[in-house]
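Just below is one structure, and these are the notes that go with it.
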Amino acid sequence: QLLTSFTSSIYIAGLISSILASPVTGAFGRKPSILIGGATFLAGSALGGAAVNVYMLILGRVLLGVGVGFANQECTIVIFSV
């Protein structure tokens, strides 16, 4: 079960954060939203690289998922607004 949660944590976090990224983008604009996504992706990568147990690794994957969700939402806005 722990390995399953490790695998699916990035997808669940990406799904939830892509839904939440739309109001953030509407309120603050695209640039802050992209910066939030990039910062969380960077933090998730650093945490995953420095992980000493599985729980730190899962938290790093959740942060990666948040970064992917924000980036996915930004790409969707750019593609559909052109």
Quiz item: Tally time: how many residues in segment 37-50 are under 13 Å from the mean Cα position of the chain (by Cα) and open to solvent by less than 70 Å² (accessible area, probe 1.4 Å)?
Solution: 7
Quiz item: Since residue 77 meets every condition but one in (1) modelled with pLDDT under 90; (2) β-branched (Val, Ile, Thr); (3) open to solvent by 60 Å² or more (accessible area, probe 1.4 Å), which condition does it not meet?
Solution: (3)
Self-check item: Within segment 25-49, tally of residues that are of a type in the set (A, V, I, L, M) and under 18 Å from residue 3 (Cα atoms)
Solution: 1
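The values are calculated or read from the model by the stated rules, or taken from the named source; none is laboratory data. Keep in mind the model is a prediction, meaning the values are calculated, not measured. Note: accessible area is taken over every heavy atom of the protein model, side chains too, but ligands, DNA and RNA are not part of it. Shrake-Rupley method; radii C 1.70, N 1.55, O 1.52, S 1.80 Å.
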